[in-house]
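Worksheet: one structure, shown below.
FYI, it's all coordinate maths here, none of it is from the lab. Keep in mind that what you see is a predicted model, and the values were worked out from it rather than measured. A quick note on method: Cβ atoms are made from the backbone with ideal geometry, for glycine too, and the neighbour counts reach across all protein chains shown.
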Amino acid sequence: MKVKEKILQKVQPINCRHFIDGKYVDSINLKTFDNINPATEEVMGQVAEGGKEEVDLAVAAAKNALKGPWKDLSIRERSGILRRIGDLILERVEELAALEAMDTGKPYQMALEIDITRAAYNFHFFADYLTSMGTEAYQQDQTAIHYSIRRPLGVVGMINPWNLPLLLLTWKLAPCLAAGNTAVMKPAEWTPMTATVLAEICKEAGVPDGVINLVHGFGPDSAGSAITEHPDVDAVTFTGETKTGSAIMKAAAPTLKKLSYELGGKNPNIIFADSDLDEVIETTLKSSFMNQGEVCLCGSRIYVECAVYEVFLDKFVAETKKLKVGDPFEEDTKVGAVISKEHYTRVNSYIELAREEGGDILTGGTRPEGIDKGFYILPTIITGLGPHARCVREEIFGPVVTVLPFDTEEEVIEQANDTHYGLGTTIWTNDLRRAHRVAHQIEAGIIWVNTWYLRDLRTPFGGMKQSGIGREGGIHSFDFYSELSNITIKL
Ligand code: NAD
């Protein structure tokens, strides 16, 4: 039996309810909205539509759960529960990957190998990290000793995007729980299924009722804004678009919530002539089109040194044409469907704009032939645009890249930095000194040399400029999810 039939026989889409105080519940007015499969355009199920009333209940449960027993568990006990959540995710890896592929349109294989595997690892990583953490202590001559203690922040609101739903939600939830907080989570309206299953997994692993709560719904004037405006929510961690970050900052201002932001990017992929082009092409295919280009870290602005511009383009276009676009559950599919009709229209409008701006579409720019249903867009490579073209400057967040030639190091650094984003950058070169020199001048939070998407969860992750506020990973996550108090004892 083919993988597709095997998986789809076992896993069916689920209807999604809120999870409040340890129980699945409907909305008070029983309101729901359709969950659409982007690969088929069919309605897969119903999602409870939450708003202020459901958020009020969820926040009250989370606030009450702060009293205990979660915060009073020993490090060993709390770490054990986090580890168990990771184990249970792995036990259900195929089911979760199938639900993620149905919700997002991404290839099942990617959901299996990246999204869900990493979601489990997020819990395993913070389970271990928790057991080895210390705090600061200073002796001030013979006068005093100072030491710091970490305490939970309180109720944390988590607003999540649709592109890597469970991976990014657990990237927040695992350290939030490790630090002893309670949570009210809102998954993106397009991708509610894996978060719904996660609630059950957390309960099974031993997370007490009220510690994690989940409210489904939309952003503005809905569950999203109800979380960000709620006076009893102490902090908001948000991953999504820069303009949404700005709206959340306004909503959170009256109650001065602590904020952590992972926002948009328009990341440069800089290819110097001395790099190994086969390696560059292999990785650039991923950094351009992985997850349909719907990864905040995708390198959608490609700059190639003039000496290898033509040869790079020939090879890159030829390899891009070989990527199989289509059914997320076919084993050899590399590019699935984009998230929604709205997003499909938006990405296509950028391709149209590129044509109007005088760009040349070297490959893609249309739907794949023979697929009538689903929000599919062929991987698209655009050349001939200047540095001020909107397609070069604005985040398209789809399978679309622009390629521009450059002559000098100074010129490419200036162009790479000429943006209000500052999330990630890849530099390809075999010249060690140049690698350091360029990396130090690039304005981005994450800089890769001769690689892309390689992560160690201990390292700081986040964006500069309008790509984010704060860093996550290792101790940086604990710095957000805990309050530090300093205690001074006079000797
Ligand atoms: P989005 O901003 O449209 O939505 C994200 C979440 O915010 C959703 O849950 C949505 O319902 C909610 N929301 C929207 N308006 C809101 C409001 N006014 N108040 C409260 N909540 C609100 O983003 P998206 O389209 O889901 O995700 C794509 C974006 O996310 C891209 O810009 C991408 O670069 C960015 N992203 C960044 C990172 C990172 O680590 N920097 C990771 C993934 C995605």
Among 342-353, 415-426, the order from most to least packed when residues are scored by Cβ within 10 Å on average: 415-426, 342-353
Partner aspartates and glutamates for Lys243 [C-alpha distance under 16 Å; skip if fewer than 8 residues away on the same chain]: Asp221, Glu262, Glu394, Glu395
Count of Lys pairs (Cα-Cα under 20 Å; at least 8 positions apart or interchain) in the range 268-456: 13
Convex hull of the range 180-319 built on C-alpha atoms - directionally averaged projected area, nm²: 11.8 nm²
Net lengthening on full extension, Asp372/Glu5 (0.36 nm per residue, minus Cα-Cα): 130.0 nm
With 5 Å bins from 0: P(r) over the range 268-456, alpha-carbon pairs, percent: 1, 8, 18, 21, 21, 16, 9, 4, 1, 0, 0
Straight-distance crosslink candidates among lysines, where the alpha carbon sits under 20 Å from Lys250 and sequence neighbours closer than 8 are dropped: Lys52, Lys186, Lys258, Lys465
Within the range 268-456, percent of DSSP bridges classed antiparallel, to nearest 5: 15 percent
Rh (Kirkwood; distinct C-alpha pairs) - the range 146-190, Å: 11.5 Å
Relative contact order of the chain, pairs being alpha-carbon contacts under 8 Å that are 6 or more residues apart, as %: 18 percent
Square roots of five times the Cα gyration tensor eigenvalues for the range 416-491, Å: 31, 15, 13
The range 421-435 versus the range 33-62: alpha-carbon centroid distance in Å: 41 Å
Given charges at beta-carbon only (K, R positive; D, E negative), |dipole| of the chain in Debye: 1340 debye
Other-chain or far-sequence residues with amide H under 5 Å of Val25's (modelled H): His18, Phe19, Ile20
DSSP-defined beta bridges in the chain - what % are antiparallel, rounded to 5: 40 percent
The range 269-317-the range 193-220 distance, computed between alpha-carbon centres (Å): 39 Å
Burial order of peptide ranges 47-60, 382-395 (average beta-carbon count within 10 Å, highest first): 47-60, 382-395
Positive-pole candidate from Tyr261, Ile81, Gly386, dipole of the chain, charges at beta carbon: Ile81
Size of electric dipole in the range 347-428: Cβ of Lys, Arg +1 and of Asp, Glu -1, about Cα centre, debye, nearest 20: 480 debye
Rh by Kirkwood over Cα pairs, then Stokes-Einstein D for the chain at 0.692 mPa s and 37 °C, µm²/s: 140 µm²/s
